[in-house]
Amino acid sequence: MAAARASLGRILPESSILFLCDLQEKFRPSIAYFPQIVSVAARMLKVARLLDVPVLLTEQYPEGLGRTVPELGAQGIRPVSKTCFSMVPTLQKELDSRSQLQSVLLCGIETQACILNTALDLLDQGLQVHVVVDACSSRSQVDRLVALARMRQSGAFLSTSESLILQLVRDAAHPKFKEIQKIIKDPVPDSGLLGLFHGQNPVLMNSRP
């Protein structure tokens, strides 16, 4: 029964963490839909703060690629520098210290690089991974599409930001719901996902084992 429940991918604030991966200044001109991706990640961050979901933020080689963009709203969160194409090695001690952790919500760039490798490393440790598809992108939309499919094949859950936010809050009677409602009342900006899913794209639709 426990395995069956885990396969549903339910998330709770007290057993979840938000990962924000490498949303840095030098990526701005090259990543497709960069402003939209950052906007959605910022939305996830606001909700995480309201619901006391821990947040971890990385920067890939910040000396060369710059710092986290200010519009993410991550001021006050200490970024962790890395060179590995996964967040996990740098954050392993933090993960080990959280005995209740079950689910990781994953936002950032690039989908086929640090997002994919982070997801695989987390899955390998028995954690549930929820890829926030409207908060992840790449330079190439082919890379983005195939990486999403690859993560789904490996057992990660692909979800939109609003779907995950509503799973976390669960009930309109939640004391923070009105504040969260203000965050999600406007539709998320288009980040090209309709094109990826157009016509029930076979790469994504048939990728779950």
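The values are calculated or read from the model by the stated rules, or taken from the named source; none is laboratory data. Note that the coordinates shown come from a computational prediction; the quantities given were computed from them, not determined experimentally. Here the Cβ positions follow ideal geometry from the backbone for every residue, glycine too, while neighbour counts run over all protein chains shown. Accessible surface areas use protein heavy atoms only, side chains included; no ligands, DNA or RNA. Shrake-Rupley method; radii C 1.70, N 1.55, O 1.52, S 1.80 Å.
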Query raised in the report: Pulled fully out, how much extra length does the chain show between Gln141 and Leu123, if you take 0.36 nm times their separation in residues and subtract their Cα-Cα distance?
Result: 4.1 nm
Query raised in the report: In square angstrom, what is the accessible area per residue of the chain with a 1.4 angstrom probe?
Result: 49
Query raised in the report: So, with +1 on the Cβ of K and R and -1 on the Cβ of D and E, and no other charges, what is the size of the charge dipole of the chain about its Cα centre, to the nearest 20 debye?
Result: 300
Report task. Take each complete run of DSSP H in the chain, measure how far its Cα atoms stretch along the helix's own axis, and keep only those covering 15 Å or more with mean Kyte-Doolittle hydropathy at least 0.5; list them. Result -> 34-50
Query - Signed unit charges on C-beta, dipole axis of the chain, positive-most listed residue Leu116, Pro70, Gln102 - result: Gln102
Query raised in the report: What is the gain in length, in nm to one decimal, between Thr83 and Lys176 on full extension, counting 0.36 nm per residue of separation less the C-alpha to C-alpha distance?
Result: 29.8 nm
**Report entry** Ser97/Leu194 FRET efficiency (R0 30 Å; Cβ-Cβ; nearest 0.05)
**Finding:** 0.15
Query raised in the report: Can you give the % of DSSP beta bridges in the chain that are antiparallel, to the nearest 5?
Result: 5
Requested in this report: Please tell me the relative contact order of the range 50-209 in percent, rounded to the nearest whole number, where contacts are Cα pairs under 8 Å and at least six residues apart.
Outcome: 18
Query raised in the report: Taking only the alpha carbons of the range 108-166, what extent do you get along each of the three principal axes, in Å, biggest first?
Result: 29, 27, 17
Requested in this report: On the protein heavy atoms, probe 1.4 angstrom, tell me the percent of accessible surface of the chain carried by carbon and sulfur.
Outcome: 54
Report task. Considering the convex hull of the alpha carbon atoms of the chain, report its projected area averaged over all viewing directions, in nm², one decimal. Result -> 11.6
Report summary line: On the formula 1/(1 + (r/R0)^6), with r taken between the Cβ atoms of Thr90 and Glu25 and R0 of 25 Å, the FRET efficiency rounded to 0.05 is 0.80
